[in-house]
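Written below as structure tokens is the structure these notes are about.
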Amino acid sequence: MSLLQSNVPEGPIAEKWTRHKNELKLVAPNNKRKYEILVIGTGLAGASAAASLGELGYNVKTFCYQDSARRAHSIAAQGGINAAKNYPNDGDSVWRLFYDTVKGGDYRSREANVYRLAEVSANIIDQCVAQGVPFAREYGGLLANRTFGGAQVSRTFYARGQTGQQLLLGAYSALMRQVNKGKVQNFARREMLDLVNIDGNARGVIVRNMVSGKLERYVGDAVLLCTGGYGNAYYLSTNAMGCNVTAAWRCYKRGAYYANPCYTQIHPTCIPVSGDYQSKLTLMSESLRNDGRVWVPKDVNDKRSPEQIPEADRDYYLERRYPAFGNMVPRDVASRAAKERCDEGYGVNESGRAVYLDFKRAIAEQGQKAIEAKYGNLFHMYRKITNENPYEVPMKIYPAVHYTMGGLWVDYNLQSTIPGLYVLGEANFSDHGANRLGASALMQGLADGYFVAPYTVGHHLASNKLEKVDTNNPAFEQVESEVQGRIDKFLSIKGSRSVDSFHRELGLVMWDNCGMARNAAGLHEAIEKIQGIRWEFWQNVRVTGSGHQLNMELEKAGRVADFLEFGELLARDALAREESCGGHFREEHQTPENEARRDDENFAHVAAWEYQGDDATPIRHQEELNFENVKLTQRSYK
Amino acid sequence: MAWVTDAIKSSIGKKFLMACTGFLLCGFLVMHLIGNLLMYVGPDVYNNYAHTLHSQEMLIKVAEFGLLILFAIHIWLGFETNLENRESRKTRYAVKKSKIPERKIPYFLSPENYMLFTGVIVFIFLLIHLGDFTFNITMPDKLKGREPYDKAIIIMRTPLSTISYIIGVLLLGWHLSHGVTSMFQTLGLKHPKYDPMIRAIGPVFAVIIAVGFASFPIYAWLIPYDPYAAPGVEEHQEKSHSLTHSDLIAPLCSHEKTTFEPHSAWATSLNRV
Amino acid sequence: MKLTLHIWRQSNKETKGEFKTYELPDVSEHMSFLEMLDVLNEKLISQNEEPVAFDHDCREGICGSCSMMINGQAHGPDLKTTACQLHMRKFKDGDDVWIEPWRADAFPVLKDLVVDRSAFDRIMQAGAFVSVNTGNAPDANSTIVPKMNADLAFDAATCIGCGACVAACKNASAMLFVSAKVSQYALLPQGDPERKTRVLRMVAQMDKEGFGGCSNTNECEAACPAGISVNNIARLNREYFKATLTSRES
């Protein structure tokens, strides 16, 4: 039944990648400069891929919607990056990182991909250190490590609470070096609005110059989509305001399959929502759980302020429920536990939608200075936003949409179902299964960009004879006119509601019905509601200004229009997956202790959706997941 | 040698030259102040110092030429960087406020905002000063044939000069209070151990220079001394020619010779009362 | 609270801009500054007016997109804070708020409060990198970096490239930005091989972009949301001096 060829190489898992690299075809050095590669997005995956391909000699063009490549949202990642270096001598290995990641992903990821990820993780750290990324160090001058959720070893490298920033700036510096050399051309303030396929291959993109408003055509021999996730479908998320699904969604509509969109990660430690004007949620790094203890009052009616509640009246529910991992359980588990307590009425804050994250013990044991050195910037940020001092009063936190494990389906080579279209980083679905462990996103983005795509893209170019095409090709003409038509449509509706109001409405439906807990009735309702919002959007949206200028409302309109289609697919996928796994929790499928219950017999597969037209239901394809190395067990952190 | 011109033309290079010339000019100020302080020892010491200094013709020429170059570079760069800095923001802000929390002086009074202005005023003062003392053009009649000490007293007792000298050196101090600290930063001389000292050195140096120099016109008014009664330069020269070296370094003996008659301006004004 | 906003409106790079005044009757003190602007924009859209364009993205103070002068101060009155992290509790009922774009000839205004900061990218392209290709790196722990230097390098590396230093400087100088990057690499052994060429090229590019010189007023340090110290500027001067005298490149 499956049309999906994962192209996982034969052989024992530890040798697959090495063997595969030996078998991949190569492009001769002096031929590389004849190829043009388009990279969409300049986050960790995009910048690292573009820089590495440029170094190899390809001509690369990068595009980002921000005003500079350095501002991609990878920059906001706080906690760290995992690598199987075993520097602390605590028993880590490639195998353990592989195993933890597969287990953490609730056995819904592709083994071979995860193993490769663990394998190259050590090289990433080497590469970043060589670039001058200032990782935290011990007094002896060697690199420092810390623990992260879902692991019993310290394998997380970090740069205070700004690891993403430092890694991205490292990749950005490598990118800038290639721009300086003329191998990469960097186009900022450009948004990809569609993909151009010629003879079944991805051969170009239509982007909008966000300053002049002009549509521009770019032709290439391969297109790398590094556009991040779709968390903003929920309106409120920890994603940047501009993060969107448009590029990926356009590719889906041009023939790429969308895999597992229902896998969304709700991060347990975010600053709670405080009002309807709120535009985004702020993450407090998971690393805080290393020293912070999560609790709620034992008594539902306890309205005392937290510092007045004695130890005996506090319920450290994570330590109580999961004694082995305690506060360091994976994100999905921690989030659901917080929701469970709040649903039962134990929640704190005016809204009752928050739990405490307490540093009292850590400060008493280690001193405020030590805590400041580890989390200073996070505490500072928390104080800025809430006007409370977390050194004195416990933080209030609540889960928020943070990362999306689903994405465009890719094979082992990171190639989508459209030949020549590669998908890297959060935009693809491959490595995290149904739940991503902390400090693994940075690892995956850089692994894809530095160490996978440069090999596999070359293989594609070497093994396919691609015809020379230019931007006058009728396919470009066709796609551009469709894009223009859509822009004209937005501007011509002249309705009465702002784009944001639709986005907010969609977000509420998504959060209520496709959030931390889902059920069939709710999902049916979501599909119906989303269709209704979409219908109204196309009748009644108001986009001010014109298309020939910098017009942020127009940009948002395009993104929200796509979220309104995408949200429905997410709900459909959640509905079809009749089990609970990782970030996808179906209330119908839980153990008596309210833990997620997987159905390995029927759902140990990737669901990949094929677009069938705007009015038709998409087709759900399956890629069976074969676990040859890891035994499927009920995930337990007790 | 393109690297030299490139470096000098760069923004950091210009600042570097600015700092170096400023530093050397500060050196000149210190020497000048020390020389002038001899006024407090006594007229003869001061006069001897002045004559000895001026007898070193070659040295004076070189020094004057050097100073001229230093001033020229410092002033030229001042104008040029100022012009360039203005060019870099042609549309000004409608509202602009400082964000420095521990600011001791309000923003609109901070010396760094007036470096060109204070520089120009100090330069004008310098011209007046040179006109008075070096080129002898402001009051040639009164000063003709007078000893340096007497000249100084006469000039500094002229009310207009008194005011311009005091304003001149106070503005110089204001200029230095930013300039000296800034110089350390520009030359890259920073270290946590010495930073508090460096932060203090600008204002302290500025106060020393400003107070030091401003004290002379005030002193000139306060001492009971009549410069017109003192012997002229020819008599003095005769005398000094007969002096031995030991006389020069033992100035106190000549000090006794000066007269303290109530001819001084101060004394006369007292008499009037 | 009620606020009177005076906001710079400019349609594009070519046209002249002007201040327009808007009244905003209920602003919650819990809002961030940008959320307050969101509310204004909602209102403008409902009146069929064009909303105020401003750069923003992460709204966590790390991406460096947001960039506006608030009552004459880059990113507003809070220290070590970007405009997106500034909260309305810093303002009082009845306040007048003046909002302007960064002003520097090297940062031309594109629209309203949006400016073009690509000059920063070009400075980075001139030398803000270590020339190592992917895949050549030795083991990460084969290079020992004293913790003190690693921490100082990190402090310099936290620059978010927002341009507040340029905006706050009376000369629109980019010295703090350039010095942060030069310092990061100068403090790490990885940056050593290209140390001299890097500083020479980056400074040359900085001058070419039309930023002003440094007058050591320290306004940049006070305006910097990442708390980059002016000590880095001293280090940049030192590095530049050393490189000028000893670089073997012409």
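Looking at the square roots a ≥ b ≥ c of the eigenvalues of the Cα gyration tensor of the range A:445-508, which shape do they give, rounded for a/c under 1.5, prolate if a/b is larger than b/c, or oblate?
It is oblate, given that a/c is not under 1.5 and a/b is not larger than b/c.
Expressed as cubic angstrom per residue, what is the convex hull volume of the alpha carbon set of the protein assembly as shown?
208 Å³
Report ³J(HN,Hα) in whole Hz for each residue of the range A:588-598, in order, from the Karplus equation J = 6.51 cos²θ - 1.76 cosθ + 1.60 where θ = phi - 60°; Gly and Pro get x.
Here the 3J(HN,Hα) series is 5, 10, 9, 7, x, 8, 6, 8, 5, 10, 7 Hz.
Under the rule of -39500 (n - 2.57) per DSSP H run of 4 or more residues, summed and divided by the residues of chain A, what mean residue ellipticity at 222 nm is obtained, to the nearest 500 deg cm²/dmol?
-11500 deg cm²/dmol
Hey, how many Å between the Cα centroid of the range A:135-160 and the Cα centroid of the range A:386-426?
That distance is 21 Å.
Quote the relative contact order of chain A in percent (integer), defining contacts as alpha-carbon pairs under 8 Å separated by 6+ residues.
On the way: 1409 pairs, mean separation 129.6, N = 638.
About 20 percent, as a whole number.
What is the sum of charges, Lys and Arg at +1 and Asp and Glu at -1, for the other residues whose Cβ falls under 15 Å from the Cβ of A:S121?
Numbers: positive: A:K85, A:R96, A:R116, A:R155, A:R436; negative: A:D92, A:D100, A:E119, A:D126, A:D431, A:D448, C:D139.
Taking every Cβ under 15 Å from that of A:S121, the sum is -2.
Starting from the Cα of B:K151, draw a straight line to each of the lysines and keep only those under 20 Å, dropping any in the same chain fewer than 8 residues away.
Of all the lysines, those that pass the test against B:K151 - Cα under 20 Å, at least 8 places apart if same chain - are B:K142, B:K239, B:K257.
Restricting to bridges with both residues inside chain A, how much of the DSSP beta-bridge set is antiparallel, in percent to the nearest 5?
Within chain A, antiparallel bridges account for around 70 percent of the total.
Provide a whole-number value for the mean count of partner chain Cβ atoms within 10 Å of the Cβ atoms in peptide B:79-92.
Numbers: counts 0, 1, 5, 4, 0, 6, 10, 4, 5, 17, 16, 4, 10, 2.
Per-residue shielding by partner chains comes out at 6.
For a quick check: with amide H placed at 1.01 Å from N, whose amide H comes under 5 Å from C:S65's, ignoring anything fewer than 5 positions away on the same chain?
Placed amide hydrogens put C:D57, C:C58 under 5 Å from C:S65.
Find the sum over both chains of the accessible area lost when C and A are paired, probe 1.4 Å, and report it in Å² to the nearest 100.
6300 Å²
Each label point is 7 Å from the Cα along the Cα-to-Cβ direction; what then is the distance between the points at B:H54 and A:S492, in nm?
9.4 nm
Just want to confirm a number: the relative contact order over the range C:3-111, from Cα pairs under 8 angstrom separated by 6+ residues, in percent.
So the answer I get is 34 percent.
Could you give the distance between the Cα centres of the range A:555-597 and the range A:601-615, to the whole Å?
Cα centres, the range A:555-597 to the range A:601-615: 13 Å.
Determine the percent antiparallel among the DSSP beta bridges restricted to the protein assembly as shown, to the nearest 5.
Here the share of antiparallel DSSP bridges comes out near 70 percent.
Within 10 Å, count the other beta carbons around each residue, average over each peptide in B:174-184, A:468-478, and list them highest first.
Answer by packing, highest mean first, reads B:174-184, A:468-478.
Under 5 Å between amide H atoms, partner at least 5 residues away or on a different chain: which partners does C:S173 have, H built in plane at 1.01 Å?
Those qualifying (amide H under 5 Å, at least 5 residues apart or on another chain) are C:G212.
Taking 40 Å² as the minimum loss, tell me which residues in the range C:228-250 lose that much accessible area going from the chain by itself to the full protein complex (1.4 Å probe).
Those are C:N231, C:A234, C:N237, C:R238, C:Y240, C:F241, C:T244, which lose 40 Å² or more relative to the chain on its own.
Using heavy-atom solvent-accessible surface (probe 1.4 Å) with all chains present, what is the largest-first order of A:K396, C:K43, A:K529?
The ranking, largest first, comes out as A:K529, C:K43, A:K396.
Which FRET efficiency value, to the nearest 0.05, is calculated for B:V207 and A:K181 with the Förster distance at 51 angstrom and r the Cβ-Cβ distance?
Working: r = 54 Å, r/R0 = 1.06.
The pair B:V207/A:K181 has a calculated efficiency of 0.40.
Suppose the Debye formula is applied to equal point scatterers at every Cα of the range B:147-193; what is log10 I(q)/I(0) at q = 0.20, 0.23 Å⁻¹?
The computed values of log10 I(q)/I(0) come out as -0.71, -0.81.
Heavy atoms only, 1.4 Å probe, whole protein assembly: order B:F205, A:F603 by accessible area, highest first.
Greatest to least solvent exposure: B:F205, A:F603.
Taking just the alpha carbons, could you work out the radius of gyration and Dmax for the range A:59-111, both in angstroms?
Spelled out, the Cα radius of gyration and Dmax of the range A:59-111 are 16.8, 44 Å.
Report, by chain and number, residues whose modeled amide H sits under 5 Å from the one on A:N551, excluding near sequence neighbours (fewer than 5 apart, same chain).
none
Once you have a ≥ b ≥ c as the square roots of the Cα gyration tensor eigenvalues for the range A:231-270, tell me rounded if a/c is under 1.5, and otherwise prolate or oblate according to whether a/b is larger than b/c.
Oblate, since a/c reaches 1.5 and b/c is not below a/b.
Tell me the per residue accessible area of chain A using a 1.4 Å probe; a whole number in Å² is fine.
Computed with neighbouring chains in place, this is 33 Å² per residue.
Could you give me the percent of Cα pairs per 10 Å distance bin for chain A, shortest bin first, beginning at zero and ending with the bin that holds the maximum distance?
In order of increasing distance, the bins hold 3, 17, 28, 28, 17, 6, 1, 0 percent.
How large is the Rg to Rh ratio of the range A:40-140 when both quantities use alpha carbon positions and Rh follows Kirkwood? Present the calculation step by step, with values, prior to reporting the outcome.
Numbers: Rg = 16.0 Å, Rh = 15.8 Å.
My calculation of the ratio gives 1.01.
Counting Lys and Arg as +1 and Asp and Glu as -1, what is the net charge of the other residues whose Cβ lies under 14 Å from the Cβ of A:R497?
Within the 14 Å Cβ shell, the charges total +1.
Of the DSSP beta bridges with both residues in the range C:3-111, give the percent that are antiparallel, rounding to the nearest 5.
Here the share of antiparallel DSSP bridges comes out near 75 percent.
With a 1.4 Å probe and all protein chains left in place, how much accessible area per residue does chain C have, in Å²? Before the final figure, lay out each step's value.
Values: 8290 Å² over 250 residues.
Using a 1.4 Å probe on heavy atoms only, each residue of chain C averages 33 Å².
Spin-label point model (7 Å from Cα, Cβ direction): what's the A:N349 to A:S481 distance in nm?
Each label point is offset 7 Å from its Cα along the Cβ direction, giving 5.1 nm.
Separation of the range C:173-193 and the range C:58-92 by C-alpha centroid, Å?
26 Å
Could you compute the FRET efficiency for C:L44 and A:D276, with r as their C-beta to C-beta distance and R0 at 22 Å, rounded to 0.05?
After rounding, the FRET efficiency stands at 0.75.
Convert each backbone phi in the range A:564-571 into a coupling constant with the Karplus relation 6.51 cos²θ - 1.76 cosθ + 1.60 (shift: θ = phi - 60°), then list the ³J(HN,Hα) values in order as whole Hz, x for Gly and Pro.
With coefficients 6.51, -1.76 and 1.60, one gets 5, 7, 5, x, 5, 5, 4, 5 Hz.
At a 10 angstrom cut-off on C-beta neighbours, averaged per residue, how do the peptides A:25-33, A:72-80, A:500-508 rank from highest to lowest?
Ranking the peptides A:25-33, A:72-80, A:500-508 by packing returns A:72-80, A:500-508, A:25-33.
Using only Cα atoms, tell me the angle between helix C:195-208 and the longest principal axis of chain C; keep it within 0 to 90° and round to the nearest 10.
The two axes meet at around 40 degrees.
For the pairs B:K15/B:K97; A:K103/A:K631; A:K183/C:K13, flag any whose C-alpha to C-alpha distance is greater than 19 Å.
Listed pairs above 19 Å: B:K15/B:K97; A:K183/C:K13.
Using the Karplus curve 6.51 cos²θ - 1.76 cosθ + 1.60 with θ = phi - 60°, what ³J(HN,Hα) values do you get for each residue of the range A:150-158, in whole Hz, with x for Gly and Pro?
x, 9, 10, 10, 9, 10, 9, 8, 8
Determine the residues within the range C:83-107 where the difference in accessible area between the chain on its own and the full set of protein chains amounts to at least 10 Å²; count protein heavy atoms only and use a 1.4 Å probe.
C:Q85, C:H87, C:R89, C:W98, C:E100, C:R103, C:D105
Counting only protein chains, not ligands or nucleic acids, how are A:S93, C:S183 ordered by accessible area (probe 1.4 Å), most first?
The residues order as A:S93, C:S183, largest area first.
Longest span of chain C, sites excluded, free of GluC sites (Glu not before Pro) in DSSP loop with at most 12 other C-beta atoms within 10 Å?
C:15-248
So what's the net charge close to A:D291: Lys and Arg +1, Asp and Glu -1, counting the other residues with Cβ under 11 Å from its Cβ?
+4
Highest first, please rank the peptides A:8-17, A:418-427 by the mean number of other Cβ atoms sitting within 10 Å of their residues.
Listed from highest to lowest mean packing, they are A:418-427, A:8-17.
Calculate, axis by axis, the spread of Cα positions in the range A:137-223 along the three principal axes, and write the results as whole Å, longest axis first.
54, 31, 24
Once the Cα atoms of helix A:13-23 and of chain A are each reduced to a long axis, what angle between those two axes, in degrees from 0 to 90 to the nearest 10, is obtained?
For A:13-23 against chain A, the angle is about 20 degrees.
Could you tell me which of rounded, prolate or oblate describes the range A:266-400, using a ≥ b ≥ c as the square roots of the eigenvalues of the alpha-carbon gyration tensor, with rounded for a/c under 1.5 and, failing that, prolate when a/b is larger than b/c and oblate otherwise?
Since a/c stays below 1.5, the shape of the range A:266-400 is classed as rounded.
The values are calculated or read from the model by the stated rules, or taken from the named source; none is laboratory data. These numbers come from a predicted model, not from an experiment. As a convention, Cβ positions derive from the backbone with ideal geometry for all residues, glycine included, and neighbour counts pool all protein chains shown. The accessibility values were calculated without ligands, DNA or RNA, using every heavy atom of the protein model including side chains. Shrake-Rupley method; radii C 1.70, N 1.55, O 1.52, S 1.80 Å.
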